[in-house]
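K.L.:
Submitted below is the structure of interest, expressed as structure tokens.
The values are calculated or read from the model by the stated rules, or taken from the named source; none is laboratory data. For clarity, every value in this text was computed on a predicted model and none was experimentally measured. Counting neighbours? That spans all protein chains shown, and the Cβs are built from the backbone with ideal geometry, glycine included. Keep in mind that these areas ignore ligands, DNA and RNA; they rest on the heavy atoms of the full protein, side chains included. Shrake-Rupley method; radii C 1.70, N 1.55, O 1.52, S 1.80 Å.
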Amino acid sequence: METAFISLGSNLNHPIKQILEAYNQINELDNITVSKLSSLYKTKPVGPQNQNDFINAVATIKTKLTPIDLLYALQRIETKHKRKRSIKWGPRSLDLDILLFGKLTLNTRDLTIPHPELVKREFVLIPLLEVTNQDFTITKYGKISKYI
């Protein structure tokens with residue numbers, strides 16, 4: 001089993017409900033066990049500011065899935081939540097991103113691990129710190145404490 005970290009975000013259709021339902025749906029997937037969920041954080045949007053604030057969280061999971069199979073499973077959950085990909089950094093009912101997958105680095109057309117924006121976004125770093133610790137090492141970047 002590999003440890004992975006998933007970010008959850010929403011700013012449409014009752015965002016808190018979207019996050020909590022997605023958390024439960026992730027936990028119900030075969031070959032995945034959710035071990036922690038951070039607190040929920042209300043944050044300003046990245047990109048267009050004429051949209052609602054986001055609710056963000058990070059989940060720690062253990063999985064036997066490959067990174068790409070995990071991505072596809074998360075995308076199916078986003079689809080159930082009527083996720084639309086029409087505006088970059090626009091409003092969304094649900095956004096699930098793989099932040100880290102063990103110590104793996106990966107850069108394909110469909111998936112980059114670690115997530116390329118991970119260390120630039122407090123709305124990911126703060127909940128990630130909450131489910132890890134100050135000494136946690138982000139693959140490719142170093143200790144999380146350098147970025148907070």
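K.L.:
Quick check on segment 49-58: of everything there that is touching a helix residue (DSSP H, G or I) at 6+ places or on another chain (Cβ under 6 Å) and of a type outside the set (Val, Ile, Thr), which residue is nearest to Leu29 (Cα to Cα)?
P.N.:
Initial filter on segment 49-58 (touching a helix residue (DSSP H, G or I) at 6+ places or on another chain (Cβ under 6 Å)): 55-58.
With the extra rule that they be of a type outside the set (Val, Ile, Thr), the set shrinks to 56-57.
Numbers: Asn56: 21, Ala57: 19 Å.
By that ranking, first place goes to Ala57.
K.L.:
Find the residue count for segment 101-148, including only residues that are within 23 Å of Thr63 (Cα to Cα), among the aromatic types (Phe, Trp, Tyr) and touching an Asp or Glu at 6+ places or on another chain (Cβ under 9 Å).
P.N.:
Number satisfying all stated conditions: 1.
K.L.:
Suppose we filter segment 60-75 for residues that are without any contact (Cβ under 8 Å) to a residue 24 or more places away in the chain and either farther than 25 Å from Thr43 by Cβ or part of a strand (DSSP E or B) (or both); how many remain?
P.N.:
If we filter segment 60-75 for residues that are without any contact (Cβ under 8 Å) to a residue 24 or more places away in the chain, which is where we start, we get 66, 69, 72, 75.
With either farther than 25 Å from Thr43 by Cβ or part of a strand (DSSP E or B) (or both) added as a condition, the list becomes 66, 69, 72.
Residues that pass the stated criteria total 3.
K.L.:
Does Ser93 fit the bill of being open to solvent by less than 70 Å² (accessible area, probe 1.4 Å), closer than 25 Å to Pro15 by Cβ, in contact with a Lys or Arg (Cβ under 6 Å, 6 or more places away or on another chain) and assigned to a loop (DSSP other than H, G, I, E, B)? Can you show your working first?
P.N.:
On the way: open to solvent by less than 70 Å² (accessible area, probe 1.4 Å): yes; closer than 25 Å to Pro15 by Cβ: yes; in contact with a Lys or Arg (Cβ under 6 Å, 6 or more places away or on another chain): yes; assigned to a loop (DSSP other than H, G, I, E, B): yes.
Yes: the conditions hold for Ser93.
K.L.:
Could we say that Leu70 is modelled with pLDDT of 95 or more and open to solvent by 50 Å² or more (accessible area, probe 1.4 Å) here? Can you show your working first?
P.N.:
Working: modelled with pLDDT of 95 or more: yes; open to solvent by 50 Å² or more (accessible area, probe 1.4 Å): no.
Against the criterion (modelled with pLDDT of 95 or more and open to solvent by 50 Å² or more (accessible area, probe 1.4 Å)), Leu70 does not qualify.
K.L.:
Restricted to segment 121-134, and to residues that are more than 15 Å from Ala4 (Cβ to Cβ) and at pLDDT 95 or above, which residue is least open to solvent (accessible area, probe 1.4 Å)?
P.N.:
Quick first cut of segment 121-134, residues more than 15 Å from Ala4 (Cβ to Cβ) only: 121-123, 125-126, 129-130, 133-134.
Now drop any that are not at pLDDT 95 or above, which leaves 125-126, 129-130.
Values: Leu125: 2, Ile126: 64, Leu129: 37, Glu130: 81 Å².
Filtering segment 121-134 for residues that are more than 15 Å from Ala4 (Cβ to Cβ) and at pLDDT 95 or above, the one least open to solvent (accessible area, probe 1.4 Å) comes out as Leu125.
K.L.:
Taking the stated definitions as given, is Pro127 under 15 Å from the mean Cα position of the chain (by Cα) and under 18 Å from Ile144 (Cα atoms)?
P.N.:
For Pro127, the condition - under 15 Å from the mean Cα position of the chain (by Cα) and under 18 Å from Ile144 (Cα atoms) - is met.
K.L.:
Open to solvent by 80 Å² or more (accessible area, probe 1.4 Å) and at pLDDT 90 or above: is that true of Lys82 in this structure? Outline the logic, then answer.
P.N.:
Values: open to solvent by 80 Å² or more (accessible area, probe 1.4 Å): yes; at pLDDT 90 or above: no.
Criteria not met by Lys82.
K.L.:
Quick one: in segment 25-54, of everything that is free of Cβ contacts under 8 Å to residues at least 12 places away in the same chain and either in a loop (DSSP other than H, G, I, E, B) or among the small types (Gly, Ala, Ser) (or both), which residue is surrounded by the most Cβ atoms within 10 Å (Cβ to Cβ)?
P.N.:
Out of the qualifying residues, it is Lys44.
K.L.:
Got a number for residues in segment 42-58 being more than 13 Å from the chain's Cα centre (by Cα) and modelled with pLDDT of 95 or more?
P.N.:
Residues in segment 42-58 being more than 13 Å from the chain's Cα centre (by Cα) and modelled with pLDDT of 95 or more: 1 in total.
K.L.:
β-branched (Val, Ile, Thr) and modelled with pLDDT of 95 or more: is that true of Ile87 in this structure?
P.N.:
So Ile87 does not fit the description; no.
K.L.:
Working carefully through the options Ala57, Ala22, find the one that is in a strand (DSSP E or B) and either open to solvent by 70 Å² or more (accessible area, probe 1.4 Å) or of a type in the set (Gly, Ala, Ser) (or both). Show your work before the answer.
P.N.:
On the way: Ala22 fails: in a strand (DSSP E or B).
So the residue among Ala57, Ala22 that is in a strand (DSSP E or B) and either open to solvent by 70 Å² or more (accessible area, probe 1.4 Å) or of a type in the set (Gly, Ala, Ser) (or both) is Ala57.
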